[in-house]
1. Select from the range A:225-254 the residues that are aliphatic (A, V, I, L, M), within 20 Å of residue B:220 (Cβ to Cβ) and in contact (Cβ under 8 Å) with a residue 24 or more places away in the chain and list them in ascending order.
2. Anything in the range B:235-251 that is without any contact (Cβ under 8 Å) to a residue 12 or more places away in the chain and either at the interface with chain A (Cβ under 7 Å from one of its Cβ atoms) or crowded, with 22+ Cβ neighbours inside 10 Å (or both)? List them, or say none.
3. Whether any residue in the range A:39-50 is exposed (fewer than 12 other Cβ atoms within 10 Å of the Cβ), more than 19 Å from residue B:154 (Cβ to Cβ) and in contact with a Pro (Cβ under 7 Å, 6 or more places away or on another chain) is what I want to check.
4. Restricting to helices (runs of 4 or more DSSP H) lying wholly in the range A:151-263: which have 3 or more residues that are aliphatic (A, V, I, L, M), more than 10 Å from chain B (Cβ to nearest Cβ) and under 20 Å from residue A:109 (Cα atoms)?
5. Taking the stated definitions as given, is residue B:82 surrounded by fewer than 19 Cβ atoms within 10 Å (Cβ to Cβ), more than 10 Å from every other protein chain (Cβ to nearest Cβ), at pLDDT 80 or above and in contact with a Gly (Cβ under 8 Å, 6 or more places away or on another chain)?
6. Take residue B:74 and tell me if it is at pLDDT below 90, under 28 Å from the mean Cα position of the chain (by Cα) and within 14 Å of another protein chain (Cβ to nearest Cβ).
7. Taking residue A:123 and the conditions (1) in a helix (DSSP H, G or I); (2) more than 11 Å from chain B (Cβ to nearest Cβ), which numbered condition does it fall short on, given that it satisfies the others?
Amino acid sequence: MLKRGSKARFILITLLLLSPGLLTFFLLFFYPMMVTLTRSLRPEGEQIGWTLEHYVTFLAEPRAREVILLTFVLSIGAVLCSVLLSIPLGLALRQKLRAHRFYRLTMITPRVVPGLIGALGLLLLFGSRGWVNLFLIRFVPFVNEPISINYTIPGLILFYTWLYFPFIALTTLAALEGLDPAIEEAADVAGANRWQVLRHVVIPLITPAILAGSVLTFMAAFGAFSIPLIAGGNHRPLSVEIYRQIDFTPARWSAASARAMIMAVLQVIFLTIYMRVLRRPIT
Amino acid sequence: MTLARKYLNAILRSRKLLIQTLLLCFALMIFTPFLMIVLRSVGRGWFGRLWLPPELTLDWYRWAVEVTNIVEITKNTLVIALLAVLMSTVIAIPTGWALGRRNIPGRELLMSILLLPRMIPPIAFALGVAQIFYRTDLINTHIGVALAHVSICAPFAILILSATFEALDERLLEASGVCGANPIRTFIHVVFPLILPGVLASMIFTFTTSYNEFTLTLMTYGKDTVTLPVRTYLAIGEGYWEVTSAMSILLIIPSIIVLFMIQRQVAPEKLVGGFKGV
């Protein structure tokens with residue numbers, strides 16, 4: 001009898017301890033999501049009635065497919081570029097050469113300064129009068145005119161990569177530093193050259209870490225808002241498309257909410273598939 | 001042909017140099033954008049194909065200070081960030097304790113539910129938050145903007161703190177009890193020093209998240225709660241790039257000072273959430 005009483009008390013205390021987190025979740029996430037969902041099903045500017053009109057009109061537009069495709073292209077492009085950058089970077093940083101700590105700090109800088117300021121700097125650097133174009137005109141043959149990088153899709157992928165690669169770089173570096181040196185030595189002793197060791201031993205061993213980091217980069221890039229807002233030009237991924245609906249008066253909250261729901265559902269679906277693929281052992 | 005091979009071999013042999021060059025290029029890639037902003041903010045008449053501005057001036061800074069109330073904006077940003085840190089920590093300590101120290105059925109599931117706000121694009125629930133805040137008059141208040149930030153700060157604080165509390169060794173607490181310390185003494189002399197780094201890490205993480213948060217602020221700010229990122233956005237929209245650059249430099253200074261102060265306390269990797277389990 002006494003035992004049951006103390007057990008009930010234990011459960012009660014656990015629930016009490018959990019309640020602030022759960023309350024935050026429901027009040028600041030679940031409830032707003034429900035408000036967004038309800039708003040997206042209401043006729044514009046009204047509090048009653050139900051309609052699917054906003055979903056139908058958006059999805060029927062030919063632009064809708066373009067917008068969704070663009071969002072995916074940008075985020076997957078950013079993930080791929082980040083992986084390509086992170087592996088050599090991790091391998092280089094693993095050696096703990098001079099100024100190791102400085103480079104480690106450099107690696108997280110893009111995540112620490114406000115993203116908008118980073119984007120502003122990138123716009124200045126890659127602009128038609130920026131250093132990159134000056135460099136190309138001066139030193140690369142057959143380039144006489146400034147190349148437009150800002151406001152193009154490759155440019156956007158570059159900006160995304162600059163901003164979101166630290167997630168992958170950090171997990172990759174952590175995995176590389178956690179590798180047992182004996183494994184690589186064994187491969188070396190077995191007669192593998194440096195490239196073979198990298199290709200057949202190191203890369204497979206750090207793949208899980210790279211994939212784990214890529215989930216974070218993907219999520220950040222998919223939901224990216226500030227960068228495409230100021231550096232996107234005519235290329236508008238979903239987040240900017242949503243903001244455009246409420247940016248001017250009269251604000252179209254219902255249309256924006258419908259797009260937001262589509263975006264959230266797409267991301268959840270994609271992440272679920274991604275996680276499924278991740279769980280499968282990589283051979 | 002042989003000469004080319006000779007050079008190639010020489011380059012390959014000096015691998016250390018090669019790696020150093022690679023790292024230097026990487027650092028250039030990260031830092032030149034900021035250098036460009038600095039140069040733009042002090043240059044005058046920088047047109048055409050010039051590498052450096054022909055004339056230096058501090059006029060843009062004077063403009064920036066005149067046009068924008070830098071002090072007010074910095075104060076807003078810091079107040080909101082501190083409120084967000086405070087609220088997230090108060091929320092995360094009990095919840096993290098329960099998740100880390102108690103046997104809860106379905107703990108993993110609960111954790112992923114609590115982390116859901118980080119999975120959904122913030123703009124999706126920012127729309128809902130804005131509508132709720134308009135109804136409850138929380139728009140354009142410091143506490144309102146901070147509350148909006150808590151929605152994404154708290155999940156990560158919970159994650160970091162539950163990992164910290166889970167790592168606490170039960171035997172240490174028992175040993176302290178055996179040695180005759182009462183629970184309060186145990187907490188002050190054993191538990192507190194052990195969890196302090198984790199709590200600090202979580203606070204720093206929440207601080208930077210809130211300091212840099214743009215989406216949720218843009219949806220809930222008003223003329224009295226303009227923060228650093230929002231002001232930069234507005235300035236970019238106004239189109240005077242020189243003034244915008246000067247403004248960004250002024251606005252970024254506090255964040256650099258804060259970073260410099262904290263990077264000695266905590267491993268900087270923690271700032272990105274590069275801890276295990278994520």
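The values are calculated or read from the model by the stated rules, or taken from the named source; none is laboratory data. Everything numeric in this text was worked out from a predicted model, so none of it was measured. Here Cβ is always computed from backbone atoms with ideal geometry, including for glycine, and neighbour counts include all displayed protein chains.
1. Going residue by residue through the range A:225-254, those that are aliphatic (A, V, I, L, M) are A:227, A:229-231, A:238, A:240, A:242, A:246, A:251.
Checking the rest, the ones that are also within 20 Å of residue B:220 (Cβ to Cβ) come to A:229-230, A:240, A:242, A:246, A:251.
Listed by number, the list holds a single entry, A:230.
2. Hit for the range B:235-251 is B:236, nothing else.
3. From the range A:39-50, those exposed (fewer than 12 other Cβ atoms within 10 Å of the Cβ) are A:45-50; that's our starting set.
Right, trim to more than 19 Å from residue B:154 (Cβ to Cβ) and you get A:45-50.
Next, only the ones that are in contact with a Pro (Cβ under 7 Å, 6 or more places away or on another chain) stay: A:49.
The answer is yes; a qualifying residue exists.
4. Numbers: elements: A:153-178, A:181-189, A:194-197, A:203-222, A:226-231, A:238-247.
Helices (runs of 4 or more DSSP H) meeting the threshold: A:153-178.
5. On the way: surrounded by fewer than 19 Cβ atoms within 10 Å (Cβ to Cβ): yes; more than 10 Å from every other protein chain (Cβ to nearest Cβ): yes; at pLDDT 80 or above: yes; in contact with a Gly (Cβ under 8 Å, 6 or more places away or on another chain): no.
When the stated conditions are applied, residue B:82 does not pass them.
6. On the way: at pLDDT below 90: yes; under 28 Å from the mean Cα position of the chain (by Cα): yes; within 14 Å of another protein chain (Cβ to nearest Cβ): yes.
Judged against the criteria, residue B:74 is a match.
7. Condition not satisfied by residue A:123: (2).
Every residue, every condition in (1) within 14 Å of chain A (Cβ to nearest Cβ); (2) under 30 Å from residue A:44 (Cβ atoms); (3) surrounded by 19 or more Cβ atoms within 10 Å (Cβ to Cβ); (4) free of Cβ contacts under 8 Å to residues at least 24 places away in the same chain, yes or no:
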| position | (1), (2), (3), (4) |
| --- | --- |
| B:113 | yes, no, no, yes |
| B:116 | yes, yes, no, no |
| B:126 | yes, yes, yes, no |
| B:137 | no, yes, no, yes |
| B:159 | yes, no, yes, no |
| B:177 | no, no, no, yes |
